[in-house]
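Some notes on the structure that comes next.
The values are calculated or read from the model by the stated rules, or taken from the named source; none is laboratory data. Keep in mind that this is a model prediction, so the values were computed, not measured. Don't worry about glycine lacking a Cβ; one is built from the backbone with ideal geometry, like all the others, and counts go over all protein chains shown.
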């Protein structure tokens, strides 16, 4: 059976088979520059050899003599924003003659653990408790230790000295560590310094020419793979260009390789794109919802390893180091599907007891447990309006003023019943021509249903109540009508991106409130939502659509999505916010072709609050950013409040306190009338599934 690992260093450092070969290869790395321009005879170049016996994993070594040594000590780096990397942490003890230690980074996941175990007492200064250690050893100019890691990036084949993004080490300290490591490792002549944040990059400008630098952009240029969502699937591999999606039917059991990132994608078992994706892209949100592997591969459409499995059953695994793809039989694929198809998700019945139009601040009772309130009220007001209302009800973060109102699901059910649409749906669901494999025929029937819904009348009493509410409290200003279904943020099913939002203005005959309302109600029957519910085996008629309504934004200066936990750190040891933001009202989940966004790892909880830009927007001048430091700080404050607020409802269980927990938060910076500076507005928050396959 063929098995091919791509983007992963299964045999990362070549040659690797024999120790003698490693020693010979190391001669090519020799420090011959020391003899240049001198009549003195050159000092003998060191012949490197392994120092760790095969099969052993010591707590530390003083030198790394070969690739096997590095492998024995290495672990996944804390920051996996650049894939295909392994790291070995180091400690340089300035209180002990600059003694250098390469620590077993699998056993000691943080520097303090190693220093406490091996460099405390017995004639050495006592290592303090963790909090004091972090304060001193990452920030003090008189620190005892120089701390960092050596990372090997397989794609560009770069060895990089790195310090923590929040470390305030001076250029002199970095130089000292660099020279010590270069002298104590077989890769010394190929070692670079890689700045891990803007603050570190600024300090790196003070380094001398004897410390070469590689930027994050330099490293990314050598990367051919990026894991977006981890997992394993067995499916049929299909290659399609994005324009073919309009005429080709995809199956739940396909693994699709695409030339570009589409605006939408039917349910599949795996996604590979040639065009670069972002972690917060719409397609990756879908992959997380579906718990399927998703990755970017450079030149994926012509990749010979992928093409070898075209139109065949194959097993695809995407992990943090790379991916494997290998042949599978149909029997194996059928068995895998039966074992791994998502279990039936039962959506509780809609709560039709809530009638009238509700101010969002009245949806939840702040005096009651938040978890119970959310669980109950989603059934009447949907996920978006309920979460939005929970924040508005306690004035948690900046929101529109007024904050808006919600139309409960009662009126959707009333509309569907009065116009006989439930009966039409019943007929479709028992029609083999609809339920069969022809997705185009199914799409046409759903489109016809939506057209009927948009042409049907609404209950006169409801129309009057909505008009009276808008007339009395909002007037003729544009209002944003946003989908808020009862089948979102339930049982790990977020429902993100399945429905629509519309803008309507009171008194506008072509774009009035009732038109917007019916467009949202009919969006329940978008084909993408229907297929997603089929995949999760959700009763199609159990889903109801409530609506969140608030003033529309007119003068956006920035729009974005943020995560309240660090999806680039599977260890949980470097908490951070991840922010994806674009200039104006540009989309970050569905950017225009050729546009890039600012993608930021924001270490909000660390001194100096350093930022790491994984990618820069090409809509702002080079060297500038979409958000100012002050705006980023304001956003960080809001994200911290949101994360802590929803912790009782969605936080880790008591028996697994380190489990993934994060909210996905939509935000805008908008220029209010008469203001001199843009203001932050939070649009929504929802629980975010783990990106690490959990």
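Of all residues assigned to region 650-662, none qualifies as being closer than 23 Å to residue 81 by Cα, in the same structural domain as residue 582 (by TED's automatic domain parsing) and not in a loop (DSSP other than H, G, I, E, B). When each of 499, 481 is tested for being closer than 22 Å to residue 345 by Cβ, touching a residue at least 12 places away in the same chain (Cβ under 8 Å), under 32 Å from the mean Cα position of the chain (by Cα) and crowded, with 21+ Cβ neighbours inside 10 Å, the lone residue that passes is 499. Here is the figure for region 669-682: residues that are part of a strand (DSSP E or B) and over 17 Å from residue 395 (Cα atoms) total 2. Only one of the numbered conditions (1) surrounded by fewer than 21 Cβ atoms within 10 Å (Cβ to Cβ); (2) at pLDDT below 90 is violated by residue 92, and that is (2). Selection of region 414-424 for residues being under 39 Å from the mean Cα position of the chain (by Cα) and either surrounded by fewer than 16 Cβ atoms within 10 Å (Cβ to Cβ) or not assigned by TED's automatic domain parsing to the domain that holds residue 467 (or both) yields only 422.
Please determine whether any residue of region 306-319 is surrounded by fewer than 22 Cβ atoms within 10 Å (Cβ to Cβ), outside any loop (DSSP other than H, G, I, E, B) and under 22 Å from the mean Cα position of the chain (by Cα). Scanning region 306-319, I find at least one residue that is surrounded by fewer than 22 Cβ atoms within 10 Å (Cβ to Cβ), outside any loop (DSSP other than H, G, I, E, B) and under 22 Å from the mean Cα position of the chain (by Cα), so the answer is yes.
Of all residues being closer than 17 Å to residue 607 by Cα and touching a helix residue (DSSP H, G or I) at 6+ places or on another chain (Cβ under 9 Å) in region 128-137, which is surrounded by the fewest Cβ atoms within 10 Å (Cβ to Cβ)? Just the residue, please. Show your work before the answer.
Of the residues in region 128-137, the ones closer than 17 Å to residue 607 by Cα are 130-137.
After this cut, where a residue has to be touching a helix residue (DSSP H, G or I) at 6+ places or on another chain (Cβ under 9 Å) as well, the list is 130, 133-134, 137.
Values: 130: 12, 133: 20, 134: 19, 137: 22.
Here the answer is 130.
Contact map, region 601-615: residues that are outside the structural domain of residue 565 (by TED's automatic domain parsing) and in a loop (DSSP other than H, G, I, E, B) paired with residues that are modelled with pLDDT of 95 or more and surrounded by fewer than 19 Cβ atoms within 10 Å (Cβ to Cβ), Cβ distance under 6 Å, separation 6+ or inter-chain. No pairs are found. When 510, 523 are checked against the criterion of being touching a strand residue (DSSP E or B) at 6+ places or on another chain (Cβ under 7 Å) and either surrounded by fewer than 17 Cβ atoms within 10 Å (Cβ to Cβ) or touching a residue at least 12 places away in the same chain (Cβ under 8 Å) (or both), 523 stands alone in meeting it. Scanning region 139-158 for residues that are in contact with a helix residue (DSSP H, G or I) (Cβ under 9 Å, 6 or more places away or on another chain) and without any contact (Cβ under 8 Å) to a residue 60 or more places away in the chain, which turns out nearest to residue 322 (Cα to Cα)? Checked region 139-158; the qualifying residue nearest to residue 322 (Cα to Cα) is 148. Taking the condition modelled with pLDDT of 90 or more and either buried (at least 16 other Cβ atoms within 10 Å of the Cβ) or under 26 Å from residue 664 (Cα atoms) (or both), does residue 256 pass? In short, yes. Filtered by the rule that a residue be over 30 Å from residue 292 (Cβ atoms) and modelled with pLDDT of 95 or more, region 669-694 gives 669, 670, 678, 679, 680, 681.
Residues in region 56-79 that are surrounded by fewer than 23 Cβ atoms within 10 Å (Cβ to Cβ), under 23 Å from residue 179 (Cβ atoms) and more than 34 Å from the chain's Cα centre (by Cα): 61, 62, 63, 65.
When the residues of region 361-390 are narrowed to those that are assigned to a helix (DSSP H, G or I) and more than 29 Å from the chain's Cα centre (by Cα), which ends up surrounded by the most Cβ atoms within 10 Å (Cβ to Cβ)? For region 361-390, the residue satisfying everything is 380. Counting only residues that are in contact with a helix residue (DSSP H, G or I) (Cβ under 6 Å, 6 or more places away or on another chain) and surrounded by fewer than 17 Cβ atoms within 10 Å (Cβ to Cβ), region 261-305 holds 1 of them. For region 235-252, what are the residues that are outside any helix (DSSP H, G or I) and under 19 Å from residue 441 (Cα atoms)? Across region 235-252, the qualifying residues are 247, 248, 249, 250, 251, 252. Checking the stated criteria, residue 433 turns out not to satisfy the condition of being surrounded by fewer than 13 Cβ atoms within 10 Å (Cβ to Cβ), in a helix (DSSP H, G or I) and at pLDDT 95 or above.
Per-residue answers, yes or no, for (1) closer than 22 Å to residue 210 by Cβ; (2) modelled with pLDDT of 95 or more; (3) surrounded by fewer than 20 Cβ atoms within 10 Å (Cβ to Cβ):
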| residue | (1), (2), (3) |
| --- | --- |
| 15 | no, no, yes |
| 19 | no, no, yes |
| 26 | yes, no, no |
| 44 | yes, no, yes |
| 54 | no, no, yes |
| 85 | no, no, no |
| 96 | no, yes, yes |
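Scanning region 484-496 for residues that are part of a strand (DSSP E or B) and modelled with pLDDT under 85, we see that the one that is farthest from the chain's Cα centre (by Cα) is 490.
Only one of the listed residues (610, 652, 657) is under 17 Å from residue 566 (Cα atoms) and touching a helix residue (DSSP H, G or I) at 6+ places or on another chain (Cβ under 6 Å). That residue is 610. If the Cβ limit is 6 Å and pairs must be 6+ apart or interchain, which residue in region 426-454 that is more than 22 Å from residue 517 (Cα to Cα) pairs with which residue that is surrounded by 13 or more Cβ atoms within 10 Å (Cβ to Cβ) and modelled with pLDDT under 90? So the pair list comes out as 439/249.
Just wondering, is there one or more residues in region 391-411 that are part of a helix (DSSP H, G or I), farther than 27 Å from residue 636 by Cα and either modelled with pLDDT of 95 or more or in contact with a helix residue (DSSP H, G or I) (Cβ under 7 Å, 6 or more places away or on another chain) (or both)? Checked region 391-411: at least one residue is part of a helix (DSSP H, G or I), farther than 27 Å from residue 636 by Cα and either modelled with pLDDT of 95 or more or in contact with a helix residue (DSSP H, G or I) (Cβ under 7 Å, 6 or more places away or on another chain) (or both). Taken together, the residues in region 455-478 that are within 40 Å of the chain's Cα centre (by Cα), in contact (Cβ under 8 Å) with a residue 24 or more places away in the chain and assigned to a helix (DSSP H, G or I) amount to 4. Considering the conditions (1) over 27 Å from residue 613 (Cβ atoms); (2) in a loop (DSSP other than H, G, I, E, B); (3) at pLDDT 90 or above, residue 265 is excluded by exactly one of them, (3).
Of all the residues in region 571-587, those that are assigned to a loop (DSSP other than H, G, I, E, B), in contact with a strand residue (DSSP E or B) (Cβ under 6 Å, 6 or more places away or on another chain) and over 17 Å from residue 609 (Cβ atoms) number 2.
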